[in-house]
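Reading through the structure tokens given below for one structure.
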Amino acid sequence: MAPSSLDERAREAGEIQRRRLIRRRRIVSGIGWALCGTALALLCISIVWIIGLVVVRGVAALRPSLFTTVTQGTGGGLLNAIEGTAVMAVGTLLLVVPFGLSAGIYVAEFPSSRWAKVIRFLADVLVGLPSIVLGYFGYVTMVEGLGWQFSVAAASITLAIISLPYVSRATEVALAEVPQELREAAYAMGAGTGTVTLRICMRLALPAVITGVLLALSVSVGETAPLLYTAGWSNYAWDGRLTGSPIGYLTYVIWAFINEPFASAHALAYAAAFLVTTFVLLISVASRLILIRRRR
Amino acid sequence: MTFRQTMAVLGGSVPASVAAVVVFLLLYAWPAIRLNGFGFLVRNTWNLGSLYAEPVRHSGVLILPGAQYGILFLIVGTLLSTAIAMALAVPVGVGAAAFLAEILPPGPRLWLSFLVEMLAAIPSVVFGLWGYAVLIPFLGQYVFPVMSRLLGWIPWLGEPTGSGYGLLTAGLVLSLMIVPLIASILRDAIAAQPMEVREAAAALGATRFETIWTVILPGLRPVLIGACILAMGRALGETMAVLMVSGNALNVLPVSIYAPVSTMAAFIVSQLDSALQDPTGLAVRALAEVALALCLIAIIVNTAARALLAGSAVTARLRR
Amino acid sequence: MPLITNKSPVLAAAAAVGLVTALAAGARATETRILETGSSLLYPLFNIWVPVYAKSHPVQITTQSTGSGTGISEAISGLAQIGASDAYLSPAIHQQHPNMLNIPLAISSQMVNYNLPGLNGEHLKLSGPVLAGIYEGKISHWDDPQIAKLNPGVKLPHQAIIPVHRTDGSGDTFILTQFLSDSTPEWAATHGYGTTISWPAVSGEIGAVGNQGMVSAVQQNPYSIAYIGISYKGATDQDKLGEAELQNKAGNFVLPDNQTVQAAAAAAAGQTPKDESMSLIFQPGAHSYPIINYEYAIVNTALPAQTATAVRDFLGWTIQSKGGNAPEFMKKVDFVPLPAAIRRLSEDQIKAIGPQRSASNP
């Protein structure tokens with residue numbers, strides 16, 4: 001029997017309504033994705049804007065003399081700042097690697113012990129402490145308290161404390177990914193805990209551990225506030241002293257010179273910003289590449 | 001010493017550092033804490049006193065006449081700038097994460113994720129440089145006047161728009177700094193969701209957007225909240241960028257979104273030199289009290305975040 | 001070939017340590033190093049002095065602009081060897097640290113600058129009480145009757161005044177607030193003076209860091225007003241900011257220039273005590289400029305011998321009329337050289353730096 005026209009019309013109406021509903025949902029979804037895409041675009045525009053500013057004005061300010069002359073007042077070069085940043089970076093890494101690795105190893109290898117839980121919790125706490133608080137601590141205890149004055153030692157120790165949890169966490173995560181069977185096989189062959197961890201597990205975990213160390217390097221190059229009160233500032237190359245002598249660093253130039261009403265000062269600030277940003281981004285790229293290669 | 005003992009001792013540097021910082025701040029700030037009392041948190045005056053007058057005795061402590069310490073404007077400034085940063089960063093972060101995880105093919109997804117993470121690597125002082133050099137003139141001359149004309153009927157968004165230094169700018173710069181944290185955590189979490197969920201939703205006729213919006217994201221609420229709290233913790237402690245764009249208000253609460261503010265972290269940097277002039281030493285101890293307050297807030301916020309994120313596979317990815 | 005091998009970290013560490021050792025070994029630890037920090041008002045002058053002085057003397061002087069408050073505190077704590085300050089030490093500090101000296105090196109002054117679109121070419125007349133009212137918020141708009149009374153015939157806009165003040169410990173704040181205290185008894189009673197004061201809360205007011213920050217703040221904010229040291233006159237002129245004529249004690253309105261500053265300095269030179277802690281603010285005289293000050297080097301007499309000699313020699317050079325006080329330097333920052341009597345007092349103070357030669361310690 002042929003369907004009645006009433007049924008037909010009802011079905012048609014329902015069909016149209018369903019199509020309208022689907023279309024509206026598609027439109028809403030489309031708008032939703034458009035908004036999400038806009039969010040991503042906003043982020044990308046921002047980063048391009050920031051990096052673009054630093055690159056354009058920084059490259060314009062680059063000259064060979066920047067790397068060969070020291071800062072003279074509000075002009076001159078960046079030799080002292082570059083060298084100072086390098087010296088403090090090395091000092092920081094020398095301190096943070098043994099302690100950070102040990103903390104990470106202990107938490108990864110003996111996870112059930114109470115001490116490991118304490119270390120893991122406090123590492124998270126340490127990561128969250130603002131760097132200025134640690135800089136203030138460094139100022140009152142080392143610069144003033146111990147009488148070291150502005151010094152490489154005070155700055156490196158402060159930076160090491162700041163970057164400690166990054167190294168510790170990266171090591172812990174890296175070692176946790178080493179399969180347990182490997183350890184069991186090594187123990188079965190009579191190796192001690194030290195050998196198992198350092199010679200066998202670390203070999204596998206090394207790339208990820210290195211990304212943690214690179215992160216610590218990036219922190220020590222990019223920090224400003226804690227260094228203002230522990231390293232001070234110097235217009236001259238490092239004099240080899242670990243205490244009692246202030247030292248220059250690139251981030252100081254960015255902070256202090258952008259305000260000065262002299263074009264030479266602005267040029268130095270942008271050049272310093274360019275150097276710091278490039279270095280930090282290269283570290284970021286290197287970390288990425290290490291992780292990608294490891295996954296292959 | 002065995003290997004385990006050596007690792008335990010060296011690894012103890014982490015708890016030792018935290019303990020040293022907190023204990024030290026507490027001991028150093030104690031005279032100020034005792035003098036200022038709870039009023040420290042609700043008074044709105046940070047006054048070193050008459051630096052060139054004779055110190056007087058007050059409750060057994062030598063202080064400068066007129067010295068009074070209260071950080072209400074700092075607390076308000078910190079909370080408001082972080083709130084604005086979160087209000088801007090969360091939608092943008094979630095949206096970008098969803099787009100990255102769902103829409104983009106693997107090639108662009110890799111590059112654009114990396115681009116977003118680069119934003120996280122840029123040092124705070126460079127953000128401050130960009131904010132000071134281009135963002136503030138741009139906002140102050142073009143965006144804010146238009147904004148106050150169009151939205152001026154909403155309280156707090158009207159005239160005067162100032163020069164670009166202020167609460168909104170600080171919140172904006174902060175949001176850029178914390179968005180990568182939210183976006184990358186969420187992107188990984190979304191991508192880690194099993195295909196079965198998406199297939200089931202598709203079988204029921206949901207569009208991809210509806211799948212994300214109504215199925216996957218609600219399921220990720222604890223991760224999202226954890227990521228947000230982590231981001232908030234980072235925003236609360238940001239120093240240099242905020243210092244360079246916030247306008248450094250002293251003893252005033254902001255009256256509009258364009259008004260200058262001060263945050264606790266930026267205040268410590270900008271006031272440490274002034275505080276050192278106080279011959280009685282009270283000003284530095286009051287600053288240590290500010291640092292202690294900041295420390296405690298950061299600890300509470302971060303602990304809450306980790307607790308919320310604990311157990312999820314995402315924790316392992318949290319390297320920052 | 002993998003870039004990351006097992007030996008890579010060891011190699012990298014060895015290279016880094018090698019680099020640092022090489023740097024340390026090559027470092028010239030032979031020349032004495034002096035850190036000068038403090039007043040942003042004195043900073044441009046130090047930046048001109050140091051390259052000239054260092055050409056003929058084996059010493060490395062780092063200059064820093066951090067504000068007079070920092071100059072004072074770092075000189076006291078020994079972090080810096082020379083603290084530059086527009087403010088002399090307080091009696092409390094003199095008492096607590098009796099071996100600290102404040103030694104005038106030159107005489108400077110302070111401008112009051114503003115940014116009024118269309119009016120920056122004219123010199124508005126302002127007085128101490130009016131400035132006090134502005135910084136208290138009592139005078140809130142540019143066309144306030146009190147400002148209009150001092151500037152008849154000038155078409156002042158009905159716009160809110162944006163006062164800019166220093167947030168760091170600043171000698172400029174010190175001398176401005178001394179001027180406000182000396183000219184306005186009510187300000188002296190409520191706010192007083194100092195390198196840092198508790199600024200009254202005025203809606204819209206801006207805090208800036210350093211004189212350079214003050215210049216930027218005024219330039220970026222129409223209808224703002226700020227106090228800026230004279231050594232930044234080049235910057236304010238370049239930005240075409242307005243400069244106010246201030247009312248001196250005699251009631252006349254003057255701009256800071258060589259004549260008005262010297263008139264004020266001459267009035268005070270005879271009364272300067274031996275420790276040279278003296279305010280030159282609001283001096284009498286028909287042509288005296290009201291905000292002038294000695295630019296001080298804050299030095300610890302207990303410096304170690306080698307550093308003390310270097311500091312003595314440098315400071316001794318700066319106050320000589322053929323040395324640092326020569327017109328070629330003074331003109332570049334619009335400072336005024338020390339009068340002869342003050343120079344002698346400064347020389348006496350400089351002699352006191354470092355271990356003293358005596359009969360038992362030749």
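What follows draws every value from the coordinates through simple rules; no lab data is involved. Not measured: the values here are computed from a predicted model. Cβ: placed from backbone, ideal geometry, glycine included. Neighbour counts: every protein chain shown.
Can you tell me the 0 to 90 degree angle between the C-alpha axis of helix C:340-351 and the longest principal axis of chain C, rounded to 10?
30
Using the Cα centre of the range B:74-270 as origin and beta-carbon charges of +1 (Lys, Arg) and -1 (Asp, Glu), tell me which of B:LEU119, B:MET195, B:ALA83 is placed farthest towards the positive end of the dipole.
About the Cα centre, the residue reaching furthest to the positive side is B:ALA83.
How big is the dipole moment of the range A:39-198 about its Cα centre under a simple scheme where the beta carbon of each Lys and Arg is +1, that of each Asp and Glu is -1, and everything else is neutral? Debye, nearest 20, please.
So the magnitude is around 300 debye.
If the viscosity is 1.002 mPa s and the temperature 20 °C, what translational diffusion coefficient in µm²/s does Stokes-Einstein give for the range A:64-295 when Rh comes from Kirkwood over Cα pairs?
113
Enumerate the amide H contacts of C:ILE225 below 5 Å, restricted to partners 5 or more residues apart or on another chain; note that Pro and chain-start residues carry no placed amide H.
C:ILE162, C:VAL164
Which net charge results when you count Lys and Arg as +1 and Asp and Glu as -1 among the other residues whose beta-carbon is under 14 Å from that of C:LEU35?
Charge balance near C:LEU35 sits at -2.
Report the GluC sites (Glu not before Pro) located in the range C:58-151 that are in a DSSP loop and have at most 15 other Cβ atoms inside 10 Å of their Cβ, or state none.
C:GLU122
Enumerate the calculated ³J(HN,Hα) couplings along the range B:82-97 in order (Karplus 6.51 cos²θ - 1.76 cosθ + 1.60, θ = phi - 60°), each rounded to whole Hz, writing x wherever the residue is Gly or Pro.
Listing the rounded values in order: 5, 4, 5, 4, 5, 4, 7, 6, 5, x, 5, x, 5, x, 5, 4 Hz.
Which parts of the range A:31-59 would a label at B:ARG208 reach, counting a residue when its backbone N lies under 16 Å from a point 7 Å out along Cα-to-Cβ?
A:31-41
Only Cα pairs under 8 Å and at least 6 apart count here; give the relative contact order of chain B as a rounded whole percent.
Reported relative contact order: 26 percent.
So what J values fall out for the range A:86-97 if you push phi through Karplus, 6.51 cos²θ - 1.76 cosθ + 1.60 with θ = phi - 60°, rounded to Hz, Gly and Pro as x?
For the range A:86-97, the Karplus-derived couplings read 5, 4, 5, 5, 4, x, 4, 5, 4, 7, 7, 5 Hz, x marking Gly and Pro.
Under the Karplus relation 6.51 cos²θ - 1.76 cosθ + 1.60, θ = phi - 60°, what is the ordered set of whole-Hz ³J(HN,Hα) values for the range B:165-179, x standing for Gly and Pro?
Along the range B:165-179, the couplings run 7, x, 4, 5, 4, 4, x, 5, 5, 4, 4, 4, 6, 9, 4 Hz.
Relative contact order of chain A, please, whole-number percent, based on alpha carbon pairs below 8 angstrom and at least 6 residues apart.
Computed over chain A, the figure is 25 percent.
Could you list which residues have their amide H under 5 Å from that of C:ILE61, counting only those 5 or more apart in sequence or on another chain, with H placed in the peptide plane?
The list, which skips near neighbours in sequence, is C:ILE34.
How long is the range B:74-270 along each principal axis, judged by its Cα atoms, biggest number first, in Å?
58, 36, 29
Ranking A:TYR136, A:TYR229 by Cβ neighbours within 10 Å, fewest first, what do you get?
Listed from fewest to most nearby Cβ atoms, that is A:TYR229, A:TYR136.
What is the helix-to-structure angle for C:43-56, meaning the angle in degrees between its Cα long axis and the longest Cα principal axis of chain C, kept from 0 to 90 and rounded to the nearest 10?
On a 0 to 90 degree scale, this one is about 40.
If one puts a single equal scatterer on every Cα of the range B:201-295 and applies the Debye formula without solvent, what log₁₀ I(q)/I(0) results at q = 0.11, 0.14, 0.21 Å⁻¹?
Scattering profile of the range B:201-295, log10 relative to I(0): -0.54, -0.69, -1.05.
Which of C:LYS149/C:LYS233; C:LYS240/C:LYS322; C:LYS125/C:LYS233; C:LYS55/C:LYS274; C:LYS125/C:LYS249; C:LYS155/C:LYS332 have a Cα-Cα distance over 25 Å?
Among C:LYS149/C:LYS233; C:LYS240/C:LYS322; C:LYS125/C:LYS233; C:LYS55/C:LYS274; C:LYS125/C:LYS249; C:LYS155/C:LYS332, the Cα-Cα distance tops 25 Å for C:LYS149/C:LYS233; C:LYS240/C:LYS322; C:LYS55/C:LYS274; C:LYS155/C:LYS332.
Kirkwood hydrodynamic radius (Cα pairs, Å) of the range C:136-262?
It works out to 15.6 Å.
Scan around C:ALA208 for amide H atoms under 5 Å from its own, H built in the peptide plane at 1.01 Å from N, and keep only partners 5 or more places away or cross-chain.
Amide H neighbours of C:ALA208: C:HIS165, C:ARG166, C:THR167.
Roughly how big is chain A's charge dipole about its Cα centre, with Cβ charges of +1 (Lys, Arg) and -1 (Asp, Glu), in debye to the nearest 20?
So the magnitude is around 1300 debye.
If you project the alpha carbons of the range B:6-146 onto their three principal axes, what span does each projection cover, largest first, in Å?
The Cα atoms of the range B:6-146 stretch 70, 61, 25 Å along the principal axes, largest first.
Count charges around A:GLY232 for me, please; just the other residues with Cβ under 14 Å from its Cβ, Lys/Arg as +1, Asp/Glu as -1.
In short, -3.
Hey, got the dipole for the protein assembly as shown? About the Cα centre, +1 on K and R Cβ, -1 on D and E Cβ, debye to the nearest 20?
Dipole of the protein assembly as shown, to the nearest 20 debye: 2840 debye.
Could you tell me the extents of the protein assembly as shown's C-alpha atoms along the three principal axes, largest first, rounded to whole Å?
118, 84, 59
Using the number of other C-beta atoms within 10 angstrom as an exposure proxy, rank B:TRP153, A:TRP233 with the fewest first.
B:TRP153, A:TRP233
From the helices alone, meaning DSSP H stretches of at least four residues, give me the mean residue ellipticity at 222 nm for the protein assembly as shown, per-run term -39500 (n - 2.57), in deg cm²/dmol to the nearest 500.
Helix contribution divided over all residues of the protein assembly as shown: -18500 deg cm²/dmol.
For chain C, what relative contact order do you get, as a whole percent, if you take Cα pairs closer than 8 Å and at least 6 residues apart?
The value is 24 percent.
Count charges around C:PRO104 for me, please; just the other residues with Cβ under 14 Å from its Cβ, Lys/Arg as +1, Asp/Glu as -1.
Local charge sum for C:PRO104: -3.
When a footprinting reagent is the concern and you count Cβ atoms within 10 Å, what order do C:VAL336, B:VAL215 take, fewest first?
Result, fewest neighbours first: B:VAL215, C:VAL336.
What's the long-distance tail for the range A:119-224, i.e. % of Cα pairs beyond 22 Å?
Cα-Cα pairs of the range A:119-224 separated by over 22 Å account for 46 percent.
Toward the positive end of the charge dipole of chain A, about the Cα centre and with charges on Cβ (Lys, Arg +1; Asp, Glu -1), which of A:PRO130, A:PHE110, A:TRP49 goes farthest?
The Cα lying farthest towards the positive end belongs to A:TRP49.
Please name whichever of B:PRO279, B:PRO65, A:VAL167 sits farthest to the positive end of the charge dipole of the protein assembly as shown, dipole taken about the Cα centre and charges placed at Cβ: Lys and Arg +1, Asp and Glu -1.
A:VAL167
Using the Kirkwood radius over Cα pairs, work out the Stokes-Einstein diffusion coefficient for the range C:132-196 at 10 °C and 1.306 mPa s, in µm²/s as a whole number.
It diffuses with D of about 123 µm²/s by this estimate.
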